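> Once you've had a glance at the structure underneath, I'll fire off some questions.
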Amino acid sequence: MEYLREVLTRQVGGYDQLPEVLQIFLPMLLACLLCLGLVALIPLIAIWAERKVSAHMQDRLGPMRVGGWHGWAQTIADGVKLLLKEDIIPAQADRLLFKLAPLVVFAGGFAAFVVLPFGESFIVSDLNIGVLYIAAISSLGVVGIIMAGWASNNKYALFGGMRAAAQIVSYEIPTVLAILTVVIPVGSLSMQEIVKAQSGSVFNWFIFQPVTFLAFWIVFLGTLAEVNRTPFDIPEAESELVAGYHTEYSGMRFAFFFLAEYANMFLVSALATTLFLGGWHGPGFLPGPVWFILKAMALVFVQMWLRWTLPRLRVDQLMHVSWKVLLPIAFVLVLAAGTLALI
Amino acid sequence: MQVEAYAGEEMVLNMGPQHPSTHGVLRLELETDGEIVRNVIPHIGYLHRCFEKHAEKVDYPGVIPFCDRMDYIASMNNSLGYALAVEKLMDLEVNERVKTLRVLMAELNRIASHLLSVGTYAMDIGSFTPFLHCFREREKILDLFEWLCGARLLYNYNWVGGVSHDIPDGFEAKTREFLGQFEPVIAELDKLLSYNKIFLERTANVGIISEEQALSHNVTGPNLRGSGIAWDLRREEPYCGYDTYDFEVPVGLGEYGPLGSCWDRYYVRVREMEQSLGLIRQALDRLPEGDVQEHIPRRVRPAKNEVYDRTETPRGELGYYVVSDGGLIPFRVKVKSPCFTVLSLLPAIARGGMVADIIAIIGSIDIVMGEIDR
Amino acid sequence: MKRYFKDIFQSIWTVLQGMKITGNHLFTRSCTLQYPSVKWELPERSRMRLFNKIEDCIGCGQCVRACPVDCIYMTTEKRAKQEPPLFAADGTPIKLRVTQFDIDMSLCCYCNLCTYPCPTHCLVMTPEYEFAVQSKQDFLYRFAKEEPQAPPKPAPTPRPAAAR
């Protein structure tokens, strides 16, 4: 944000004559708008990509018509359709919570974007507790999911909400522990500091170091579970719970859940990129932010690849994976990282 | 699992008739305690189409389209059972070509049916890709059928005293081509789904039908063989000359858990597809010359008699009890449905499982509501 | 303990194997047919819409009797002696005038049973499959040339079984 203010001061004549409040507020607004644009744009691309990826993995073609080339405008058309649809609220639903839930879910994903280091100076706010902030704010979504499940007054939605709560709480723990293995050698929770610690050659990336290599997979699986993707998609398991917590949602409210899911997918991939894949570092022929988005999108692709390959776990098996597999390994990794740091 | 210690309030969950994985319009009343299912009550009848009453109103050949619509996934096998029953009633023996063609089509349809069953099972467990891979292959079989008799799903192919069409030119080569490219698909399916650890975890320890349960509930077909009992009507009571073919009866082995689990039943189906491939090859190899329709009177009028005939459909033992009063219209056609008997076992095997297990069990017993409700 | 690690290894291994397969399929040719722009050729035996070449129809009513769902409605009247003799394409003399030959395609079950008994092969199933209509009434195909005087029998009154 400081960078944005600097640019504005330099480029826009008379900017420094504005009142001090405006001078601070305008860059904030601009950054927020940029983030919002990103949050809206990335899911659009990701949803289209998911359709194409899934289609080709299943020997289909996927959307081919809207917009001409390979149906690139399909998501936009769907968005417009969802906007135009009737807004249905079940008669027995808790109206306030029902309306609030999609917003809470979306806001959780949106708020986390502010600490993503897209480039050397492309970061809305380089909080000194950035990692902690992401871990905290991305769990906010679960509140919205439970709200949606409860407010719908639908048993399937309630099941979905309860499952989501149990799942996200369980997977938060190994994920955060695994993130610690990065934080220990860097010595900072700031996202930019972590990226800077991986500068230099590719082999400085944390994924190429023994302890953090394993940690990467734990973070990847843990975050996969947090965003409810296959094989951990039990909260919305369509063959069991119809659609889980958003069974009763339609129209734009459903679109918000959908957008939030894909925004969250990108968010957790961006988190893993920052922590393990060197953030915006990359060969010089592409600018930093492009590298960052490319790496994150590559991880999103792996998430899709997994989704279209694997069956779904059962609730108790999900808990088993979290508490009996990921958690012990994460503890061992934290110990190892700590020992290495001491030496 | 010691669930008693965590017992809480029970909630009645109404699963179906509109639900993605109740395979049609089955309604299940689940009494759930959290994720654990205390009791399951299946409610059927949403797809009742008065098959047996219809059969009392139309002449003998006219029943066949209705037979097709019972188990619409395996129409060839369903109409075959009826045609055989009426032929038995008329004391009619069809020639070798008809028999071979019937075997050929029945086995092709068995593959198509098992592909659908396996594919939807994958989808029930949450894996979408095998489902579409299976459908891609099934579509090729349906194309063959369309070429053969003009319809993709409800063929009206097996007639009383013959089949409706002889195979068109080039059908044999095309079928062989399909068989050749289908074999690797099974291997791929094994890798992608059958031996997937998550799939094994979800299915190999769930929905166990013991041998005694299976026998006492008259479970038949792949479900029975999944419990380790090698009973196949094609082998035990051969019809259509099945005794002259060389094939194995795959049974569940309990490799990855207790015998008779969902995975065993699933895997029996996969192995049966392989056996069907062999049967089709043999049928194509022999295919004798002959007329595809026996000369029977245009208006079938069997003598006063009654007959029970059973055949092995992809879902199990399908029995037709046909009573003739000497007229043009059957006096009574009663159907013994394989899916109905296995559905009666559902409460017994689903109790104490989880909600997700119910889905796994329903998918593994492979029911078609059209046949249960008729 | 050994089993614990074996399970983890197996999970990872089978997942990777599955990913290899789906990854390969990502680059194989899709089998989708882009339907309205590309259409498949139906085999000649395809059983889609019924068609009756009314010029050849002798009004024997065998198709009506064969239909298991009673979707063919036919009324005939005797042709007068003094009318010029008519013959179907295969030479069968036409003695009855078909005043109504309606097929309700919304009731048809596409079983093909009606076309086999037809003595002049004038009733056939065509490979024409795109006949979606806006209203259910439009599924009633009228093949008779002359409009019947009375409005056509709308309700298919079930024939008593003994009549056959």
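The values are calculated or read from the model by the stated rules, or taken from the named source; none is laboratory data. Note that the structure is predicted; figures quoted are calculated from it, not measured. When we count neighbours, we look across all protein chains shown, and the Cβ atoms used for this are built from the backbone with ideal geometry, even at glycine. Side chains are part of the model used for accessible areas, which takes the heavy atoms of the whole protein and leaves out ligands, DNA and RNA. Shrake-Rupley method; radii C 1.70, N 1.55, O 1.52, S 1.80 Å.
> To the nearest whole number, what is the average tally of beta carbon atoms from other chains within 10 Å of the beta carbons of peptide B:298-309? Write out the running numbers ahead of the final one.
On the way: counts 4, 4, 0, 0, 0, 0, 0, 0, 0, 0, 0, 0.
Mean partner-chain Cβ count within 10 Å for B:298-309: 1.
> What whole-number value in Å² describes the accessible area per residue of segment B:270-340 for a 1.4 Å probe? It would help to have the intermediate numbers written out before the result.
Numbers: 3080 Å² over 71 residues.
Heavy-atom accessible area per residue stands at 43 Å².
> To continue, here is another question. Picking from C:18, C:61, C:91, which is most flexible by a Gaussian network model of chain C using Cα springs under 10 Å?
The residue that fluctuates most here is C:18.
> Oh, and also: Cross-link candidates for residue A:196: which lysines have Cα within less than 26 Å, leaving aside residues fewer than 8 places away along the same chain?
A:295
> Let me ask you something else. Compute the label zone of residue A:29 within segment A:95-135: residues whose backbone N is under 19 Å from the point 7 Å along Cα-to-Cβ.
A:124-125
> How large is log10 of I(q)/I(0) for chain B at q = 0.06 Å⁻¹ when the intensity is taken from the Debye formula with one equal scatterer per alpha-carbon?
-0.23
> If the elastic network links every pair of Cα atoms under 10 Å, which of C:20, C:53, C:136 fluctuates the most in the Gaussian network model of chain C?
C:20
> Also: Calculated FRET efficiency, residue C:27 and residue C:78, Cβ-Cβ r, R0 60 Å, to nearest 0.05? List each step's numbers first, then the result.
On the way: r = 70 Å, r/R0 = 1.17.
Using R0 = 60 Å, I get an efficiency of 0.30.
> Could you tally the net charge around residue B:187, taking each other residue with its Cβ under 14 Å from the Cβ of residue B:187, Lys/Arg +1 and Asp/Glu -1?
Numbers: positive: B:191, B:271, C:20; negative: B:137, B:183, B:188, B:190, B:274.
Once positives and negatives cancel, what remains is -2.
> Another question, if that's okay. Over the alpha-carbon set of segment B:232-374, work out the extent along each principal axis and list the three values in angstrom, largest first.
The principal-axis extents, from largest down, are 56, 39, 21 Å.
> Then there's this: Lysines near residue A:99 by alpha-carbon distance under 24 Å, same-chain residues fewer than 8 away left out - which ones?
Cross-link targets: A:81, A:85, A:155.
> Taking segment A:210-312, how much of its Cα-Cα pair set, in percent, is spaced more than 23 angstrom apart?
34 percent
> For chain A, what is the mean residue ellipticity at 222 nm derived from helices alone (per DSSP H run of n ≥ 4: -39500 (n - 2.57); sum divided by total residues; nearest 500 deg cm²/dmol)?
Values: 14 runs with 226 residues, N = 343.
Mean residue ellipticity at 222 nm (helix-derived): -22000 deg cm²/dmol.
> On to the next question. Quick check: pseudo-label points 7 Å beyond the Cα along Cα→Cβ at residue A:21 and residue A:129, how many nm apart are they?
2.9 nm
> Select from segment B:263-311 those GluC sites (Glu not before Pro) which occupy a DSSP coil region and have at most 13 other Cβ atoms within 10 Å, ordered by residue number. Mind showing how you got there, number by number?
Details: sites: B:272, B:274, B:289, B:294, B:306; in loops: B:289, B:294.
Sites meeting the loop and neighbour criteria: B:289.
> Under Stokes-Einstein, with the Kirkwood radius over Cα pairs standing in for Rh, what whole-number D in µm²/s applies to segment B:324-374 at 25 °C and 0.890 mPa s? Could the numbers behind the result be given before it?
Working: Rh = 13.1 Å.
Approximately 188 µm²/s, per Stokes-Einstein.
> Follow-up. How many Å² of accessible surface get buried when A and B come together, counting both sides, probe radius 1.4 Å, rounded to the nearest 100? Mind showing how you got there, number by number?
Numbers: alone 16370 and 15300 Å², together 29100 Å².
Roughly 2600 Å².
> Once amide H atoms are placed 1.01 Å from N in the peptide plane, what residues at a sequence separation of 5 or more from residue B:33, or on another chain, have their amide H within under 5 Å of its amide H?
B:11, B:38
> Provide, as a two-decimal number, the C-alpha radius of gyration of the protein assembly as shown over 2.2 N^0.38 Å, N being how many residues it has. Please report the intermediate quantities before stating the final value.
On the way: Rg = 32.5 Å, N = 881, 2.2 N^0.38 = 28.9 Å.
Its radius of gyration relative to the 2.2 N^0.38 Å reference: 1.12.
> Further question on the same structure: Using a 10 Å cut-off on Cβ to Cβ distances, tally the other chain neighbours for every residue of A:228-241 and report the average as a whole number. Display every interim value, and only then the final one.
Numbers: counts 0, 0, 4, 7, 0, 1, 4, 0, 0, 8, 6, 16, 14, 7.
Counting Cβ atoms of other protein chains within 10 Å of each residue's Cβ and averaging gives 5.
> Measure off 7 Å from each Cα along the Cα-to-Cβ vector at residue C:3 and residue B:216, then give the distance between these two points in nanometres to one decimal.
2.9 nm
> In a Debye calculation with equal point scatterers on the alpha-carbon sites of segment A:209-259 and no solvent, what is log10 I(q)/I(0) at q = 0.13, 0.17, 0.31 Å⁻¹?
Once normalised to I(0) and log-transformed, intensities are -0.44, -0.62, -1.09.
> Please tell me the relative contact order of segment A:85-342 in percent, rounded to the nearest whole number, where contacts are Cα pairs under 8 Å and at least six residues apart.
On the way: 433 pairs, mean separation 69.9, N = 258.
Normalised by residue count, the contact order of segment A:85-342 is 27 percent.
> In square nanometres and to one decimal, what's the mean projected area of the convex hull around the Cα atoms of segment B:17-95? It would help to have the intermediate numbers written out before the result.
Values: hull surface 30.3 nm².
For segment B:17-95, averaging the hull's shadow over all directions gives 7.6 nm².
> Separation between the residue A:335 and residue C:90 pseudo-spin-labels, each 7 Å from Cα along Cα→Cβ, expressed in nm?
Reported label-point gap for residue A:335 and residue C:90 is 8.9 nm.
> Now, a different point. Could you run the numbers on buried accessible area between A and C, total for both chains, 1.4 angstrom probe, in Å² to the nearest 100? Let's see the in-between values first.
Working: alone 16370 and 12410 Å², together 27280 Å².
That pair hides around 1500 Å² of surface in total.
> Regarding segment A:268-327, what are the three Cα extents along the principal axes, ordered largest first, in Å?
47, 25, 12
> So for segment B:61-109, Kirkwood radius off the Cα pairs, Stokes-Einstein at 4 °C and 1.567 mPa s: how many µm² s⁻¹?
Values: Rh = 11.1 Å.
After rounding, the answer is 116 µm²/s.
> Cα centroid distance between segment B:148-216 and segment A:34-101, in Å?
Cα centroid to Cα centroid, the span is 36 Å.
> Given the rule -39500 (n - 2.57) for each run of at least 4 DSSP H residues, summed and divided by the residues of chain B, what is its mean residue ellipticity at 222 nm, to the nearest 500 deg cm²/dmol? All intermediate terms of the calculation are to be shown ahead of the outcome.
Values: 15 runs with 171 residues, N = 374.
For chain B, the value works out to -14000 deg cm²/dmol.
> Hey, what D do you get for segment A:1-106 in µm²/s if you plug the Kirkwood alpha-carbon radius into Stokes-Einstein at 10 °C and 1.306 mPa s?
Estimated via Stokes-Einstein, D reaches 89 µm²/s.
> Sticking with this structure for a sec: Let me know the mean shielding of C:109-115 by other chains, meaning the per-residue number of their Cβ atoms within 10 Å of its Cβ. List each step's numbers first, then the result.
Numbers: counts 6, 7, 12, 9, 9, 0, 0.
Averaged over the peptide's residues, the number is 6.
> For a distance above 17 Å, tell me the whole-number percent of Cα pairs in segment B:96-228 that qualify. Mind showing how you got there, number by number?
Details: 5828 of 8778 pairs.
Of the Cα pairs, 66 percent sit more than 17 Å apart.
> Another one. Rounded to whole Hz and in sequence order, give me ³J(HN,Hα) for segment B:171-177 from the Karplus expression 6.51 cos²θ - 1.76 cosθ + 1.60, θ = phi - 60°, writing x for Gly and Pro.
With coefficients 6.51, -1.76 and 1.60, one gets 5, 4, 4, 5, 5, 4, 4 Hz.
> So, by mean Cβ neighbours within 10 angstrom, what's the order for A:129-140, B:208-219 with the highest one leading? List each step's numbers first, then the result.
Values: A:129-140: 19.4, B:208-219: 17.8.
Top to bottom by mean Cβ count within 10 Å: A:129-140, B:208-219.
> In whole angstrom, how long is each semi-axis of the equivalent ellipsoid of segment A:85-342, when you take the square root of 5 times every eigenvalue of its Cα gyration tensor and sort them from largest down? Before the final figure, lay out each step's value.
Details: eigenvalues 216, 82, 46 Å².
Output for segment A:85-342: semi-axes of 33, 20, 15 Å.
> Would you please give the FRET efficiency between residue B:172 and residue B:139, computed as 1/(1 + (r/R0)^6) with r the Cβ-Cβ distance and R0 = 22 Å, to the nearest 0.05? Don't skip to the answer; put the middle values down first.
Working: r = 20 Å, r/R0 = 0.90.
Taking R0 as 22 Å, the efficiency between residue B:172 and residue B:139 is 0.65.
> Given a 1.4 angstrom probe, I'd like the percentage of the accessible area of segment A:85-342 that is carbon and sulfur, rounded to a whole number. Write down the numbers at each step before the final one.
Details: 6910 of 9390 Å².
Summing carbon and sulfur atoms, their accessible area is 74 percent of the total for segment A:85-342.
> Provide A:125, C:37, B:164, B:344 ordered by accessible surface of protein heavy atoms (probe 1.4 Å), highest first. Display every interim value, and only then the final one.
Working: A:125 35, C:37 85, B:164 10, B:344 60 Å².
Greatest to least solvent exposure: C:37, B:344, A:125, B:164.
> Here's something else I'd like to know. Suppose R0 equals 35 Å. What FRET efficiency, 1/(1 + (r/R0)^6) with r the Cβ-Cβ distance, do residue A:70 and residue B:255 give to the nearest 0.05? Write down the numbers at each step before the final one.
Values: r = 44 Å, r/R0 = 1.24.
So, using R0 = 35 Å, E works out to roughly 0.20.
> Once the convex hull of the alpha carbons of chain C is built, what does its volume come to per residue, in cubic angstrom? Before the final figure, lay out the partial values.
Numbers: hull volume 40.2 nm³, N = 164.
That works out to 245 Å³ per residue.
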